[in-house]
Amino acid sequence: MIPGDVLTTVAPPISPDEAGAMMQRCFGVTGTVRTLSSERDRNFHIAAAAEGQGYVLKFTNPAEPQLVTSFQTAAMQHVAARDPSLPVPRVVPTLDGEAQTTVLIDGQTMVLRLLTYLEGTPLHAAPASPGQMRALGATLARLDLALGDYEHPGSERDLLWDITRTAGVADRLHYLPDGPRRLMVERFVTRFAERVAPRLPALRHQVIHNDLNPHNAVVDPVGHETVTGIIDFGDALKAPLVNDLATALAYHVTSGETPFGSLVEMTRAYTAVLPLTPEEVELLPDLVAARLALTIGITGWRAAEYPDNAPYILRNSERAYAGLEKLTGDEAATAHRLLNLACQRV
């Protein structure tokens with residue numbers, strides 16, 4: 001394990017009653033409190049019937065540096081200022097007018113924040129469609145444009161969930177079951193280290209969301225083709241801009257009405273708003289594959305370390321294996337050709 005790392009530090013338990021009392025004391029908000037699943041923090045949904053607005057109360061993992069938490073909070077504030085119509089959570093100030101505060105839980109200091117809850121259907125619970133993929137791509141591009149001029153010292157992070165660091169997952173692959181699928185991941189990680197990683201420093205870098213997975217997007221419950229929320233800035237960092245699109249695409253490799261159909265629709269919509277450079281276009285398929293390799297390696301390791309939480313940790317692993325096989329096997333050339341075409345201006 002890595003001492004003091006957010007992926008290996010278990011946040012202290014907090015009951016809904018305790019969370020509600022702290023929320024009222026710090027923010028003056030009351031409501032029905034229920035626990036939300038989280039990879040590393042303690043999060044709660046607040047149904048505040050009085051004013052009709054729901055909230056998310058976030059107790060940040062004590063291992064996360066407060067500079068990093070402040071970076072994430074300010075990122076949401078920056079996006080709200082740059083593009084007010086973007087559906088990202090709004091930061092609710094404390095009674096003292098601060099964006100966040102600290103509380104002591106079982107002797108550990110945790111940053112406490114209150115965010116608006118974005119209504120809609122979680123993407124993972126909505127049927128996929130070409131229109132939905134286009135909406136995701138266009139919304140993500142708008143988010144990246146809004147973050148384009150955001151600077152913060154907390155953005156320089158050493159984060160496992162950073163495609164740039166895919167080669168570093170190699171020492172965790174022994175947690176995977178032995179067999180052809182593990183060998184596939186090992187071969188790709190080696191190839192990434194040799195052929196892809198050396199080219200990344202030359203790409204455009206900026207702050208990115210870095211985690212548009214199906215649990216971090218919310219869509220309109222009617223039709224499912226309007227994005228009503230992009231949530232969870234917990235993995236945001238400064239990295240190659242194209243990594244944000246690659247991360248989002250990684251969860252849809254195997255979906256679509258045609259081979260790689262979802263990838264094509266999302267990529268075309270993203271690049272219509274924010275065009276990629278030729279170098280970014282060329283590397284995009286490998287960066288999508290890299291995110292899948294990261295997903296497999298990190299979740300396999302964490303599930304072994306925390307078997308009680310394994311179902312939540314491994315919720316995307318089978319899809320990741322299937323996607324990586326399509327991007328590195330017999331269909332790889334097709335994926336490269338279709339993504340290249342999707343990036344061409346018309």
Practice problem: Would you check which residues across the range 151-168 are hydroxyl-bearing (Ser, Thr, Tyr) and open to solvent by 40 Å² or more (accessible area, probe 1.4 Å) and list them? | Solution: Thr164
Exercise. Give just the number: which of (1) open to solvent by 10 Å² or more (accessible area, probe 1.4 Å); (2) in contact with a Pro (Cβ under 8 Å, 6 or more places away or on another chain) does Asp232 not satisfy?
Key: (2)
Quiz item: Of the numbered conditions (1) in contact with a helix residue (DSSP H, G or I) (Cβ under 9 Å, 6 or more places away or on another chain); (2) surrounded by fewer than 21 Cβ atoms within 10 Å (Cβ to Cβ), Ala333 satisfies every one except a single condition; which is it?
Solution: (1)
Practice problem: Considering only the range 256-269, state which residues are touching a Lys or Arg at 6+ places or on another chain (Cβ under 9 Å) and either open to solvent by less than 40 Å² (accessible area, probe 1.4 Å) or at pLDDT 95 or above (or both). | Solution: Phe260, Glu265, Met266, Arg268, Ala269
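Residue check: is Asp211 under 16 Å from Asp162 (Cβ atoms), open to solvent by 10 Å² or more (accessible area, probe 1.4 Å), within 13 Å of the chain's Cα centre (by Cα) and of a type outside the set (S, T, N, Q)?
Values: under 16 Å from Asp162 (Cβ atoms): yes; open to solvent by 10 Å² or more (accessible area, probe 1.4 Å): yes; within 13 Å of the chain's Cα centre (by Cα): yes; of a type outside the set (S, T, N, Q): yes.
It is true that Asp211 is under 16 Å from Asp162 (Cβ atoms), open to solvent by 10 Å² or more (accessible area, probe 1.4 Å), within 13 Å of the chain's Cα centre (by Cα) and of a type outside the set (S, T, N, Q).
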Self-check item: Filter result for Thr226 (of a type outside the set (D, E, K, R), open to solvent by 50 Å² or more (accessible area, probe 1.4 Å) and over 19 Å from Cys343 (Cα atoms))
Solution: yes
Self-check item: helices (runs of 4 or more DSSP H) lying entirely in the range 243-338 (those with 3 or more residues that are in contact with an Asp or Glu (Cβ under 7 Å, 6 or more places away or on another chain))
Solution: none
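Out of the range 194-208, which residues are assigned to a helix (DSSP H, G or I) and open to solvent by less than 50 Å² (accessible area, probe 1.4 Å)?
As a first pass, look at the range 194-208 and keep what is assigned to a helix (DSSP H, G or I): 194-202.
Answer for the range 194-208, where residues must be assigned to a helix (DSSP H, G or I) and open to solvent by less than 50 Å² (accessible area, probe 1.4 Å): Val196, Ala197, Leu200.
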Exercise. Go through the residues of the range 224-240 one by one and say whether even a single one is closer than 20 Å to Gln344 by Cβ and not polar (S, T, N, Q).
Key: no
Quiz item: Checking Thr228 against (1) free of Cβ contacts under 8 Å to residues at least 60 places away in the same chain; (2) in a strand (DSSP E or B); (3) hydroxyl-bearing (Ser, Thr, Tyr), which single condition isn't satisfied?
Solution: (1)
Exercise. Find all pairs meeting these conditions: Cβ atoms under 6 angstrom apart; at least six residues apart or on different chains; first residue within the range 306-322 and without any contact (Cβ under 8 Å) to a residue 12 or more places away in the chain; second residue open to solvent by less than 90 Å² (accessible area, probe 1.4 Å).
Key: Ala310/Ala303
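Does Ala289 fit the bill of being open to solvent by less than 10 Å² (accessible area, probe 1.4 Å) and farther than 27 Å from His78 by Cα?
Details: open to solvent by less than 10 Å² (accessible area, probe 1.4 Å): yes; farther than 27 Å from His78 by Cα: yes.
So Ala289 fits the description; yes.
Within 24 Å of Glu325 (Cα to Cα), open to solvent by less than 50 Å² (accessible area, probe 1.4 Å) and in contact (Cβ under 8 Å) with a residue 40 or more places away in the chain: is that true of Leu176 in this structure?
Details: within 24 Å of Glu325 (Cα to Cα): yes; open to solvent by less than 50 Å² (accessible area, probe 1.4 Å): yes; in contact (Cβ under 8 Å) with a residue 40 or more places away in the chain: yes.
Judged against the criteria, Leu176 is a match.
The values are calculated or read from the model by the stated rules, or taken from the named source; none is laboratory data. Computed from a predicted model, the values in this text were never measured in an experiment. Every residue, glycine as well, gets a Cβ built from its backbone with ideal geometry; the counts of neighbours run over all protein chains shown. We work out accessible area using only protein heavy atoms, side chains counted, and drop any ligands, DNA or RNA first. Shrake-Rupley method; radii C 1.70, N 1.55, O 1.52, S 1.80 Å.
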